[in-house]
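Novice: For reference, the structure I am asking about is given below.
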Amino acid sequence: MASIVFAGGGTAGHIEPALAVARFWKSLNPNDEISFLGTKLGLENTLVPGAGFTVVNIPKVRIARKPSLTWFRIPLDLFGSVKVSYSILKNKDLLVGFGGYVSAPAYIAARILGVPTVIHEANAKPGWANRLGAMLTPHLAVAHGANSGMFSDALITGLPLRSDVAKAVNESMGDWQKARENAKARLGIPVGNAFIFVMGGSQGSTAINSVIAQALPALTSKQIFVMHSVGQKNALPSASDFYRPVSYVDAMADVYLASDLIIARSGAVTCSEFRALGRYALFVPLPIGNGEQFHNARELVADGRAKIIDQKNFSAQYLVSTIDSLIKSAQQSPVQGSTIDLDAAQKIAALGQHALEIR
């Protein structure tokens, strides 16, 4: 029996792939002990227990994106977080990390303890935590190939899909057109109406929400049906015949399948799930961070399945003036989804097993 620790808290983009691998690992090794590292306010405190796993919290190392006096606290905060991670990882057999604030202290503690570590990088442009971790372990995996840098020789695995998305891909492969029509029917989307799904990530996006609110009268006047995931912390607007606002989407696989056009941030998980099930996307990359969201979407643009617009240029006027051409592009995009990420969890688990065997 082995004891495995997963690190990848903060956002759904780190947590969902980790959960997919943890579920697969548990299916093969039901007696193994699996736990997750998290921070006190991270989304993992909801998602991980909901999936049947335990979360153990460590202090968060806060790093301001712009130069700040708080940077002087980083060494002290990091030391404290590494110390707690050390106590948790002591006597553990394997650490599997997916990036985010919680991962960096865990990578350092694991290296000190000699605990083998597997790191999966989902983004086309790696974050700082995984760049640090890549210097501490040879067991690296990436969602998609990198031409240079520390992850250029990493195992290419794809990005683990949530169970509902993976199930929808498998069930749709026989007849993608029929699968899309059935998904629209399950969601109650009127036959013959274009369907747009809007989301701004797991927490929503004030910038995207504002644009949709301003453009909505023009969109609904064209009898375009809009489903809008505004985020759980944002106020829910009033619904109408062609507008369905929701705080959170449970049947995400159905929404991806049914949508003619998706307007969203281009986080790694969003791009992967869209690649698996979606038709056409207008991506509005988050304008902070290290530019990874722009890079995440480039392959989909090259495949003729997406368009990217900077947030500063994304306005109600732009959306209203281009909506007809966007829907036309959606209608011309491939009806089938992609199976490229279906075996990602299996491949990452195999890398973890290899790391255990050679330690």
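The values are calculated or read from the model by the stated rules, or taken from the named source; none is laboratory data. These numbers were taken from a predicted model, which means no experiment stands behind them. Note: ideal-geometry Cβ built from the backbone for every residue, glycine included; neighbour counts use all protein chains shown.
Yes/no per residue for (1) over 26 Å from L94 (Cβ atoms); (2) at pLDDT below 95; (3) within 22 Å of the chain's Cα centre (by Cα):
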residue	(1), (2), (3)
L136	no, no, no
A141	no, no, yes
H144	no, yes, yes
L159	no, no, yes
D164	yes, yes, yes
V169	yes, no, yes
G174	yes, yes, no
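Novice: Give the number of residues within the stretch 235-257 that are farther than 30 Å from Q177 by Cβ and surrounded by 13 or more Cβ atoms within 10 Å (Cβ to Cβ).
Specialist: 2
Novice: Count, please, the residues in the stretch 70-113 that happen to be farther than 17 Å from G9 by Cβ and without any contact (Cβ under 8 Å) to a residue 60 or more places away in the chain.
Specialist: Here the count works out to 15.
Novice: A further question on this structure: Here's a check for you: in the stretch 320-358, which residue that is surrounded by fewer than 17 Cβ atoms within 10 Å (Cβ to Cβ) and in contact with a strand residue (DSSP E or B) (Cβ under 8 Å, 6 or more places away or on another chain) is farthest from L155 (Cα to Cα)?
Specialist: Only one residue tops the list, namely L356.
Novice: If you don't mind, there's one more thing I want to ask. Looking only at the stretch 284-326, count every residue that is closer than 20 Å to T270 by Cβ, assigned to a helix (DSSP H, G or I) and not basic (K, R) and tell me the total.
Specialist: Summing the residues that are closer than 20 Å to T270 by Cβ, assigned to a helix (DSSP H, G or I) and not basic (K, R) in the stretch 284-326 gives 14.
Novice: In the stretch 101-125, which residue that is of a type outside the set (A, V, I, L, M) and touching a strand residue (DSSP E or B) at 6+ places or on another chain (Cβ under 8 Å) is nearest to R359 (Cα to Cα)?
Specialist: Here the answer is P116.
Novice: Moving on. Looking only at residues in the stretch 53-97 that are at pLDDT 95 or above and in a loop (DSSP other than H, G, I, E, B), which one is surrounded by the fewest Cβ atoms within 10 Å (Cβ to Cβ)?
Specialist: Among those residues, the one meeting the criterion is K90.
Novice: Find the residue count for the stretch 147-172, including only residues that are surrounded by 13 or more Cβ atoms within 10 Å (Cβ to Cβ) and on the phi < 0 side of the Ramachandran plot.
Specialist: Result for the stretch 147-172: 18.
Novice: Does R180 satisfy the condition of being assigned by TED's automatic domain parsing to the domain that holds A268, crowded, with 18+ Cβ neighbours inside 10 Å and either under 30 Å from I224 (Cα atoms) or in contact with a strand residue (DSSP E or B) (Cβ under 8 Å, 6 or more places away or on another chain) (or both)?
Specialist: For R180, the condition - assigned by TED's automatic domain parsing to the domain that holds A268, crowded, with 18+ Cβ neighbours inside 10 Å and either under 30 Å from I224 (Cα atoms) or in contact with a strand residue (DSSP E or B) (Cβ under 8 Å, 6 or more places away or on another chain) (or both) - is met.
Novice: Determine if the stretch 224-234 includes at least one residue that is surrounded by fewer than 20 Cβ atoms within 10 Å (Cβ to Cβ), under 24 Å from G99 (Cβ atoms) and in the same structural domain as S315 (by TED's automatic domain parsing).
Specialist: Checked against the condition, which is being surrounded by fewer than 20 Cβ atoms within 10 Å (Cβ to Cβ), under 24 Å from G99 (Cβ atoms) and in the same structural domain as S315 (by TED's automatic domain parsing), the stretch 224-234 yields at least one hit.
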